[in-house]
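The values are calculated or read from the model by the stated rules, or taken from the named source; none is laboratory data. Not measured: the values here are computed from a predicted model. Glycine gets a Cβ as well: all are built from the backbone with ideal geometry, and neighbour counts include every protein chain shown. The accessibility values were calculated without ligands, DNA or RNA, using every heavy atom of the protein model including side chains. Shrake-Rupley method; radii C 1.70, N 1.55, O 1.52, S 1.80 Å.
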Amino acid sequence: MSVLILAVFLGAAVAAVPIAHALLMAAMAAAATTDRVPLDLLVQQMVAQVQSFPLIAIPFFMLTGALMMGGRLGEAIVGTLSTLVGRFHGGPAQVSVLSSTLFGGVSGSAVADASAIGALLMPWHRRLGYPMAFSAAALASAATIDIIIPPSIPMILFALTANESIAALFYAGILPGLMLCGGFMFACWWVGKRRNLPRETGAVDWKAFRRNMVFSIPAVIMPVLIVIFLRFGIATPTEVAVLSTLYACLISLVIYRDLTIRRIHAAVIEAGLATGVVLLVIMASAAIGWLLTFDQMPQGIANWVQSNVHIKWVVILLMNLMMLFIGMFIDLPAAVLLLTPVFLPLAHAIGMDTVQLGLMMVVNLAIGLYTPPVGTTLFITSALAKVKVGQTVRAMVPFYLVAFTVLALISYVPAFTLK
């Protein structure tokens, strides 16, 4: 049955069928060809997967990001960072990295990050005469920091699938996210210095800088408030998501003064559509996951690896290679939901902590977002920069080196992910 599921899913994916529909087709094909799985039980498993209170956090975090990133906040953050680092070697690209890191505490979506920040930064880079392929590469890779530091939608999905604490995963994502930020900034500086790339040289408008700094403070402190609320048990992750939406509405109304009925309407529709897509993927992945577990595929893989591979670091390397490969072809939410049941028994067998596995998986799949052939942020930033994807990939080399270095540290040094 597992072979049939994989064959139907891969065939549908190659035929450009949307991932959620491809998963449903594979599940229905498996159920139709065996009498061991009652169809009504399969449907119950799909529905039960989305009847979860913590899942409410997903639409509220998405709504928070839509409210805050669609107003004056983005311009304020970019204006502040441009003044602070735009004059250094590689400074314009470093602004992309820092903006993504700050927006990471707001939206939890790499795609939203790449789209919003790219729309703000690309015209500025073009005016400076900056190489647009490098600009696209910096933003495509930096946008994935958004799904590593809290709040993170993929970490919520992993926590629900692995029965792990959302708060623990959020804490664990802070240091790797900051490591990626620092590494990407160094890569921007190194390339900027070596190639003597253009940078900001005009006079500083200190009045505008102070205004932008004040406008940016509420966004900067929001991820800090999220961590404090979770760390000291003030609120659950779901309650924090609701509070973050109220916080976004309040500062948009009082500080930015750009909250209108039209913006609320657009933000609700955007968050609703995104949530609907995620929930459909969750339901379809639940069906596949249950069928594979019923067929004992995850345990079979774990037993095979234990019998044939006896060195822990080799097992971790194989897990990373498989995650990287799958992340190049499958959307991140679906990949998290499909891979977690497969790798969880294997991680337990080699004594790996579940939180470490979660961070390792998210970082692997994040790299897939800017890796061909289906790199989402890669295509978005290349389109915004108006350059060919191949040009962006060639400019991505230093960012790949940073990402793989951080991935290795996360995979083999538990101290980087465990509190």
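Structural remarks
- Dimensionless Rg ratio for segment 1-132, taking C-alpha atoms and the 2.2 N^0.38 Å reference: 1.58
- The chain: angle of helix 91-104 to the longest principal axis, Cα-based, in degrees nearest 10: 50 degrees
- Between 0 and 90°, nearest 10: helix 397-412 axis offset from the chain longest Cα axis: 50 degrees
- P(r) of segment 208-346 over all Cα-Cα pairs, binned every 5 Å from zero, in whole percent: 2, 8, 11, 12, 12, 12, 12, 11, 8, 6, 4, 2, 0
- Seen from every direction in turn and averaged, the convex hull around the alpha carbons of segment 179-238 projects onto 6.7 nm².
- Per the Kirkwood formula applied to alpha carbons, segment 200-285 shows a radius of gyration over Rh ratio, Rg over Rh, of 1.10.
- Remark on segment 20-82: Rg and Dmax equal 20.8, 63 Å (Cα only).
- Label point distance in nm, Val3-Val17, each placed 7 Å from Cα along Cα→Cβ: 2.0 nm
- For segment 143-289, the equivalent ellipsoid derived from the alpha-carbon gyration tensor has semi-axes of 31, 24, 17 Å in decreasing order.
- Convex hull per residue volume in Å³, alpha carbons only, for segment 379-419: 85 Å³
- Alpha-carbon Debye profile of segment 263-304, log10 I(q)/I(0) at 0.15, 0.17, 0.29, 0.31 Å⁻¹: -0.53, -0.58, -0.88, -0.92
- Per residue accessible area of the chain, 1.4 Å probe, in Å²: 42 Å²
- What the phi angles of segment 332-347 give under the Karplus curve with 6.51, -1.76 and 1.60, with θ = phi - 60°, is a coupling list of 4, x, 5, 5, 4, 5, 7, 7, 4, x, 6, 8, 4, x, 5, 5 Hz, glycine and proline written as x.
- Virtual spin-label span in nm between Ala32 and Asp353, 7 Å along Cα→Cβ: 4.6 nm
- Selected from Val85, Val402, Val224 as most flexible by GNM, with the chain as the system and alpha-carbon contacts under 10 Å: Val224
- For the chain, the longest principal axis of the C-alpha atoms and the axis of helix 73-85 are separated by about 70°.
- Selection of trypsin sites (Lys or Arg not before Pro), segment 82-159, meeting DSSP coil and at most 14 other Cβ within 10 Å: Arg87
- Contour minus Cα-Cα distance for Ile269 and Ile221 (0.36 nm per residue): 14.6 nm
- Convex hull of segment 109-157 built on C-alpha atoms - directionally averaged projected area, nm²: 3.3 nm²
- For segment 277-287, 3J(HN,Hα) per residue [Karplus equation, 6.51 cos²θ - 1.76 cosθ + 1.60, θ = phi - 60°, Hz, x = Gly/Pro]: 4, 5, 5, 5, 5, 4, 5, 5, 5, 4, 5
- Alpha carbon centroid spacing (whole Å) that separates segment 240-312 from segment 3-32: 21 Å
- Element breakdown for the chain at a 1.4 angstrom probe: carbon and sulfur atoms account for 69% of the accessible area.
- Take every pair of alpha-carbon atoms less than 8 Å apart whose residues are at least six positions apart; their mean separation over the length of the chain yields a relative contact order of 26 percent.
- Cα extents of the chain along the three principal axes, largest first (Å): 73, 47, 42
- Using θ = phi - 60° and Karplus 6.51 cos²θ - 1.76 cosθ + 1.60, couplings along segment 154-164 (whole Hz; Gly, Pro as x): x, 5, 4, 5, 5, 4, 5, 6, 8, 6, 10
- The chain: most fluctuating residue of Ser52, Ser152, Ser285 per GNM, C-alpha cutoff 10 Å: Ser52
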